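Read through the structure below, which is laid out as structure tokens, and then see the notes.
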Amino acid sequence: MIRLIKRKTFKIRSKLFARATLVEGYLKGTNTLFRCLFVDNTNFIDFMLKRMYEAPPTVLRNHHILIPTLKQKILKNTGDFDLCIAVLPKFYESKFQALYDYKSTEWVKQIISTSGSWQDVRSKFSKTKRRISNTFEKKFGLEYHISSDLEDFDYFYNRMFIPHTNKRFKDLSEIDSYNNMRSFFKKGKLLLITKDNEIIAGSLFLVNNEKLTFHRTGVLDGNDKYIKGGAQLALYYFLIKYAIDQKFHAVDTMMSSSILNDGVYKNKKQWGASVFPDERSASWIFYFNVRPSEKIAQFFEKNPMVVYSSQGLKGVIGDSNSENNSSEYINELTSRYQVNGLERFNIVTSTNIIESKVS
């Protein structure tokens, strides 16, 4: 009862109050001291602190603020912070409409189209993934089968999903409960990767409306030996082939970080995934005080991201080393991040913000 009351109280308070944490440290890979004000009630700050800073930054101030008063704090900023990142309920958007420079969500959806032949789908892979797919089965000697067996699910959950997730995400791991995963499995199936008849990796998926949804994955004991032997590659490779063989129109790889150089996001992109908005998010991530400067350019150089605009999704990337505004240079810069679903890019430099539309 007490726990329920606390939970309800937190939900009410979190709509009015948020943690305000002012930190300062060196941006990763630079000698630049960067001061950032985080305003949120989520774990997003933990994710960003690990991404942004070379070492754990110094916490200069940590307190709770009344969210509506943040507007005055932004307006009166006199160098107290270089950037403010606020994760707020979506109903606050109208209050901060004229103040925020960009809005994003923590996650975006990535979907691989599997309409057409294997060659049609393969043509959308990155150059590296196309090369890998040429001789994948012969090179790694891996096979797959589809299972609806509960014993296989138990083996997948305990020996693959849990150890692999813990090893990969460490203290940021979020482990689905056995009961929740089992409920999903009852509506779905497992794709299991085998090597010399031993199951070494698996993926839990669901089929709905001719679309295969890629839910959770795992590698046996989280062992790097199997990953180096192609186990993780096999999960995407065989799921895509299975979807094509079964005439499914898409493989929904579910959510990825909205950071354009995040490893999971990049891997899905290389398999030909397009990017879509996270329509279920209850919060916006607002970015305040994005003005052309060397510090802000370096921030987006290290943390390029997907943001939302009236024209659709777009990418924001930084370039702190060049003032070259030629179309050739801009095209070369944005080509690293181009993907179906991003309509345009903003390039933040030390002195300017350049908008580039995808041709």
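A few remarks follow.
- 26 Å Cα-Cα threshold exceeded, pairs from K28/K95; K50/K109; K15/K211; K28/K90; K269/K314; K167/K187: K28/K95; K15/K211; K28/K90; K167/K187
- Theoretical FRET efficiency, 1/(1+(r/R0)^6), r = Cβ-Cβ of A282 and F17, R0 25 Å, to 0.05: 0.90
- Across segment 108-276, Cα pairs under 8 Å and at least six residues apart give a relative contact order of 38 percent.
- Net +/- balance of residues flanking S326 in space, Cβ distance below 14 Å, scoring K and R +1, D and E -1: -4
- Residue-wise HN-Hα coupling along segment 57-63, computed from phi with Karplus coefficients 6.51, -1.76, 1.60 (Hz; x: Gly, Pro): x, 7, 7, 7, 7, 8, 7
- Two-site FRET efficiency, K90 against H249, from Cβ-Cβ distance with R₀ of 30 Å, rounded to 0.05: 0.50
- Paramagnetic reach from K139 (point 7 Å along Cα→Cβ, amide N under 17 Å) across segment 98-131: 122-131
- Dipole orientation for the chain: of the candidates S177, F140, N340, S177 has the Cα lying most toward the positive pole (charges on Cβ; Lys, Arg +1; Asp, Glu -1).
- Rounded to the nearest 20 debye, the dipole magnitude of segment 100-220 is 580 debye, with +1 charges on Lys and Arg beta carbons, -1 on Asp and Glu beta carbons, and the Cα centre as origin.
- Per residue, the chain reaches -9000 deg cm²/dmol at 222 nm when only DSSP H runs of four or more residues are counted, each adding -39500 (n - 2.57).
- Computed over the chain, relative contact order equals 19 percent, with contacts defined as Cα pairs under 8 Å that lie 6+ residues apart.
- Mean separation of Cα pairs under 8 Å and 6 or more residues apart, divided by the residue count, gives segment 288-358 a relative contact order of 37 percent.
- Residues F44 and I175, FRET efficiency given R0 of 22 Å [Cβ-Cβ distance, rounded to 0.05]: 0.70
- Pairwise label distance in nanometres, L33 with R182, each label 7 Å out on the Cα-Cβ vector: 5.6 nm
- Nonlocal amide H pairs with Y53, under 5 Å, H built at 1.01 Å: K28
The numbers here are math on the coordinates, done by the rules we state, and not lab data. Just so it is clear, the model here is predicted, and its values are computed rather than measured. As a convention, Cβ positions derive from the backbone with ideal geometry for all residues, glycine included, and neighbour counts pool all protein chains shown.
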